[in-house]
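Engineer: I'd like to ask you about the structure that follows.
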Amino acid sequence: MADFGFVTIPTHYTIQPAELGRWAEDQGFESVWFGEHTHIPTSRKTPFPLGGELPEYYKQFFDPFVALTAAAAVTQKLKVGTSVCLVPEHNPITLAKTTACLDRVSNGRFLFGIGAGWNAEEMADHGVALKDRWKVTRERVLAMREIWTKEVAEFHGQFVNFDPLWCWPKPVQAGGPPVLMGAMSKWTAKRVAEYCNGWIPVDGPYDLGKGIEALRVEAARVGRSMDEFDLSVITAYSLAGVSGDESRIRQLIATGFKRILFLIEPGTPDVQWPVLERYAGLIRSFR
C-alpha cells in the first residue's frame with residue numbers, strides 16, 4: 001500500500017511548521033514537504049507557468065530547510081522533504097552541508113526533492129542563466145554526492161569546481177538523502193536515471209504511465225532496476241482537471257506510485273485546517 005503525505009508552502013500567516021508536523025504525524029501521514037523560492041524579482045518578466053497572475057504567496061515562502069527542521073524536531077517518524085529545492089539557487093558545498101545536517105537532526109528522515117526552477121530573473125540573481133539550469137543542477141547534485149559520501153571530496157566540472165576538501169557532518173542515510181526529481185519533460189526520465197533516486201511529478205494532463213515507462217527504459221539503459229526508484233506523485237481535489245479523490249488515488253497507485261502527496265494551498269489556519277482534515281479522513285480509507 002502507498003504512503004501518504006502532503007506538500008505545502010509555509011508562510012508567516014499559515015499553520016506553522018512545528019504544529020503542522022505534529023498534527024501530520026498524529027493523523028498517520030508519512031511525510032510533509034515544503035517548496036522553495038528564495039525571492040521573486042519585482043520585474044516579473046518571466047510569466048507564471050500556470051498562467052494568469054503570480055499568486056501573492058510566491059513572495060512569502062519560508063526557507064524550507066528551517067521549516068522542515070522545525071517539523072522534524074517535534075516528531076519521531078514523520079519524513080520531511082523539499083518539493084522542491086531549487087538547486088541552481090544554492091552553492092553546492094553549503095547545500096551539501098545543509099541537507100546533511102537536516103538528515104542528521106531528523107535521524108535519516110529527510111527526502112531531497114529537487115528542481116531547476118522556472119523564473120529566469122530569480123535564477124539570474126543567483127548567477128545562473130535559465131538555459132544552463134539543468135546542467136547546473138546535475139553538476140551540483142553530483143558534487144553533493146561526493147561531499148556526502150567521501151571523507152575527502154573533490155569535483156571538477158563546467159559549473160562546479162573545487163579541489164579536495166573536508167565537509168562534515170555526513171548524512172545518516174547511506175549515500176546521502178534520496179534525491180527525487182520534481183519535473184515533467186521529455187528529458188526527465190534520462191535525468192532521473194542518471195543521477196536521482198526517484199521522481200515526483202504533478203498529477204494532471206501529463207501521461208504519468210508513459211513517464212514511468214520512459215523511466216523504465218532509461219533505467220535499463222544505464223543498468224539500474226526500477227526497484228531503486230522512489231515514485232511519488234502530487235495530486236489534489238482540484239488540480240489541472242484531476243479529482244484527487246479515492247478513485248483517482250487508486251488509479252495512481254495502480255500506475256506504480258508508492259507515495260501520494262496532497263497539495264495544500266497556503267492560507268490562514270482557518271482555511272487550511274478543513275482541507276487537511278478532509279485529506280486525513282480520505283487516507284483512513286486506505287488503512
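The values are calculated or read from the model by the stated rules, or taken from the named source; none is laboratory data. Computed from a prediction, not measured in an experiment: that's the story for all the values here. Virtual Cβ from ideal backbone geometry, glycine too; neighbours counted across all protein chains shown.
Engineer: Go through Gly5, Gly21, Gly52, Gly35 for me and flag whichever is among the small types (Gly, Ala, Ser) and in contact with an Asp or Glu (Cβ under 7 Å, 6 or more places away or on another chain).
Structural biologist: Gly5
Engineer: Kindly establish whether Gly117 is surrounded by 20 or more Cβ atoms within 10 Å (Cβ to Cβ) and in contact with a Cys (Cβ under 8 Å, 6 or more places away or on another chain).
Structural biologist: When the stated conditions are applied, Gly117 does not pass them.
Engineer: Which condition does Gly244 not pass, out of (1) at pLDDT below 95; (2) in contact with a helix residue (DSSP H, G or I) (Cβ under 7 Å, 6 or more places away or on another chain); (3) crowded, with 16+ Cβ neighbours inside 10 Å; (4) not basic (Lys, Arg), if it passes all the others?
Structural biologist: (2)
Engineer: Filter region 198-212 for residues that are among the acidic types (Asp, Glu) and surrounded by 14 or more Cβ atoms within 10 Å (Cβ to Cβ) and give the result.
Structural biologist: Passing the criteria: only Asp203.
Engineer: A follow-up question, please. For Phe159, state whether it is outside any helix (DSSP H, G or I), touching a strand residue (DSSP E or B) at 6+ places or on another chain (Cβ under 7 Å) and of a type in the set (Phe, Trp, Tyr).
Structural biologist: So Phe159 does not fit the description; no.
Engineer: Looking at Val192, Val271, which one is assigned to a helix (DSSP H, G or I) and under 30 Å from Leu95 (Cβ atoms)?
Structural biologist: Val192
Engineer: Name the single residue that is surrounded by the fewest Cβ atoms within 10 Å (Cβ to Cβ) among those in region 80-96 being outside any helix (DSSP H, G or I) and out of contact with any Asp or Glu (no Cβ under 6 Å at 6 or more places or on another chain).
Structural biologist: In the first step, residues of region 80-96 are kept if they are outside any helix (DSSP H, G or I); the result is 80-86, 90-91.
Next cut, out of contact with any Asp or Glu (no Cβ under 6 Å at 6 or more places or on another chain) only: 80-84, 90-91.
Working: Val80: 29, Gly81: 26, Thr82: 28, Ser83: 29, Val84: 23, His90: 19, Asn91: 13.
Within region 80-96, the match that is surrounded by the fewest Cβ atoms within 10 Å (Cβ to Cβ) is Asn91.
Engineer: Shifting gears a bit: How many residues does region 42-61 hold that are outside any loop (DSSP other than H, G, I, E, B) and under 18 Å from Leu86 (Cβ atoms)?
Structural biologist: Initially, region 42-61 is screened for residues outside any loop (DSSP other than H, G, I, E, B), giving 56-59.
Then drop every residue that is not under 18 Å from Leu86 (Cβ atoms), which leaves 57-59.
Residues that pass the stated criteria total 3.
Engineer: Between a first residue in region 180-192 that is more than 18 Å from Glu139 (Cβ to Cβ) and without any contact (Cβ under 8 Å) to a residue 24 or more places away in the chain and a second residue that is of a type outside the set (A, V, I, L, M, F, W, C) and surrounded by fewer than 23 Cβ atoms within 10 Å (Cβ to Cβ), which pairs have beta carbons less than 8 Å apart while being 6 or more apart in sequence or on different chains?
Structural biologist: Filtered contacts from region 180-192: no entries.
Engineer: More than 16 Å from the chain's Cα centre (by Cα) and in contact (Cβ under 8 Å) with a residue 24 or more places away in the chain: which single residue out of Glu213, Glu228 fits that description? Write out each step before concluding.
Structural biologist: Working: Glu213 fails: in contact (Cβ under 8 Å) with a residue 24 or more places away in the chain.
The conditions single out Glu228.
Engineer: Report, by residue number, each residue of region 1-41 that is in contact (Cβ under 8 Å) with a residue 24 or more places away in the chain, assigned to a helix (DSSP H, G or I) and among the acidic types (Asp, Glu).
Structural biologist: The answer is Glu25, and nothing else.
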